Amino acid sequence: MSDNWEEPNEENGLTLGPEEALQKEIEKSKTLKVDRLRLRDEIEKLKFEKSDLTKKNQQLKERLTKLETTSAIPEQKDSSSSNILIFTLVLGFLILAWIMSRN
């Protein structure tokens, strides 16, 4: 009967005893826990950044909408003021022509 016992090998070819193997597993577990905590912190930080960017994006959209609506209103005022200017000029020329025709 062949009893094949496989020992966990270290990188340099030495086999570890049970205490060393347990210690190595404990270190791996601690490292994984630290990584998990670091990743949780990073996730929380990214969630906060995401919500902050979402708020800023919404504010910018509202600001852009306000600017678009306010820029549309002055265009209407400009067209009405130009219409008044044209009407005044035409009226002025008509009055001038009428005055010149009387003399």
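Just so you know, all these numbers are worked out from the coordinates, no wet-lab data involved. In this text the structure is predicted, and so the values were computed from the model without any measurement. Ideal geometry is used to build each Cβ from the backbone, glycine not excepted, and the neighbour counts take in all protein chains shown.
Computed over neighbours whose Cβ is under 11 Å from that of THR31, the net charge equals +3, Lys and Arg +1, Asp and Glu -1. Partner lysines whose Cα lies under 30 Å from the Cα of LYS61, excluding those fewer than 8 positions away in the same chain, are identified as LYS45, LYS47, LYS50, LYS77.
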